[in-house]
Amino acid sequence: MFDRDKWNEIIQALTANTFRTLLTAFGVFWGIFILVILLAAGNGLENGVKKGFAGIATNTMFMWTQSTSKPYKGLPQTRQFNFKNDDVPALKANFPDLLYVSPRNQLGGYQGANNVIRNDKTAAFTVYGDYPELIKQESMTITKGRFINQQDILNKRKIAVIGQGVIDGLYEKGEEVIGSYIKVNGVNFMVAGVYYSKNKNDGGAEEAQKKIFIPFTTFQQSFNFGDTVGWMAITAKDGASITQLKEGIMDFMKSRHSIHPDDDRAIGNFDLYEEFSKVQGLFLILRIIAYFVGTLVLLSGIIGISNIMLIVVKERTKEIGIRRALGATPSAIRGQILTESIFLTIMAGMVGIAVATGVLAIANMILDSMPSEDMMFANPSVDLRVVFIALLILVGSGLLAGFIPAQTAINVKPVDALRTE
């Protein structure tokens, strides 16, 4: 039940020295403000980094061949070898937890020799031989036309999917791309689609648009690769970890290609899931640090409130003695002091949350107005759970800040309190 007299007394006690009360409340305000801002900033950084992984099957590893470092079964050290086409179905048959096993071949490279011609224009681009599932493994979207399909693989069609960087280098502005032809190392390919890649590796976002994708089988036939596989992109199913499957996959490939079981150099790999897990672990640490720092700052404010409540209790010792003499119970005195402390703490904390929310809203407006393609910071925000946790911290802080002054108040004997000047 609402007790008007009780709350009037609380307001009067807190406004008796307004400047002192505001300074004390500022410690809680600043602590909760810093806590929310730090958590939001960490969340914004996490959103920005994860945006770079958008569209990529993160449960993926890449595997390629290197020279052997140990002799084995009569074969010499530093032997060169290649993956073969039949490695792909063998991996799928022996590892049912694999979702995609994509063999890949590559021609040319970053700033390589001129290998693509259209009419009187020549340029150097990286050409990949791929399967249709690659688009589900990389951060890539089709903006016009289509990607490679299974019929292209079966019929070894000479079609190509190109990026905007290829269009800028080989086509006139406004010229129709779909259905046109380009010549790669003397072989004509019809352009069937245009892609856009968000991948910022291998030379950056601009270089990511300067690639040409053709069917894997067509690549092998057109460029005399036989059944050679340059490297593989391997993705595990949901619920399975490619990191846990990796050791078995490597051992299996070593046995298929007569490589010493202890030769760790012969097959190179890059575990994207492992790297992604490290990033997630980093953000978990940042979140813990944000809570730790924010809580310490908040604790300093709580100590300030506790100190001011001790002073208030000291100033009101005679009043407390009179109330005790008139029959006020220790629990009533304790409740009064705790209520004052909790009220001051929650009011200061709610203002801190409100101001922090306003700052984040302004920050998001500024970020939305800026080009965000290459920005590693996006949508700094906190969810309702964080606000709820902050409220719990405030209530607990108020109880903690008022407990010692409350105990001091009820420990004063009425007679002693009445004698206090």
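The values are calculated or read from the model by the stated rules, or taken from the named source; none is laboratory data. Bear in mind the structure is a predicted one, so any value in this text is a computation, not a measurement. Cβ coordinates were reconstructed from backbone atoms using ideal geometry, including for glycine residues, and neighbour counts include every protein chain displayed. Just the protein is used for accessible areas: all its heavy atoms, side chains included, with ligands, DNA and RNA removed. Shrake-Rupley method; radii C 1.70, N 1.55, O 1.52, S 1.80 Å.
Data for the structure
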| read-out | value |
| --- | --- |
| Residue list for the range 57-78, filter: among the aromatic types (F, W, Y), within 42 Å of the chain's Cα centre (by Cα) and open to solvent by less than 80 Å² (accessible area, probe 1.4 Å) | F62 |
| Selection count where residues are touching a residue at least 60 places away in the same chain (Cβ under 8 Å) and either assigned to a loop (DSSP other than H, G, I, E, B) or more than 22 Å from E206 (Cβ to Cβ) (or both), scope the range 134-166 | 12 |
| Residue among L286, L296, L310 that alone is open to solvent by 70 Å² or more (accessible area, probe 1.4 Å) and farther than 20 Å from S139 by Cβ | L296 |
| Given (1) more than 37 Å from the chain's Cα centre (by Cα); (2) more than 30 Å from N59 (Cβ to Cβ); (3) in contact (Cβ under 8 Å) with a residue 24 or more places away in the chain; (4) assigned to a loop (DSSP other than H, G, I, E, B), index of the condition F81 fails | (2) |
| Extreme residue, nearest to S67 (Cα to Cα), among residues of the range 275-296 that are within 14 Å of the chain's Cα centre (by Cα) and touching a residue at least 40 places away in the same chain (Cβ under 8 Å) | F276 |
| Subset of the range 132-153 (residues that are open to solvent by 30 Å² or more (accessible area, probe 1.4 Å) and within 17 Å of M190 (Cα to Cα)) | I142, T143, K144, G145, R146, N149, Q150, Q151 |
| Test: residue in the range 211-220 that is over 19 Å from N149 (Cα atoms) and among the hydrophobic types (A, V, I, L, M, F, W, C) | no |
| Check on E319, open to solvent by 60 Å² or more (accessible area, probe 1.4 Å), in a helix (DSSP H, G or I) and at pLDDT below 70 | yes |
| Pairs with Cβ under 8 Å, 6+ apart, first in the range 356-370 and farther than 14 Å from V382 by Cα, second among the aliphatic types (A, V, I, L, M) and surrounded by 11 or more Cβ atoms within 10 Å (Cβ to Cβ) | L367/M375; L367/A378 |
| G169 vs. criteria assigned to a helix (DSSP H, G or I), open to solvent by less than 50 Å² (accessible area, probe 1.4 Å) and under 20 Å from G186 (Cα atoms) | yes |
| Filter pass, L14 being touching a helix residue (DSSP H, G or I) at 6+ places or on another chain (Cβ under 9 Å), at pLDDT 70 or above and farther than 30 Å from L91 by Cα | no |
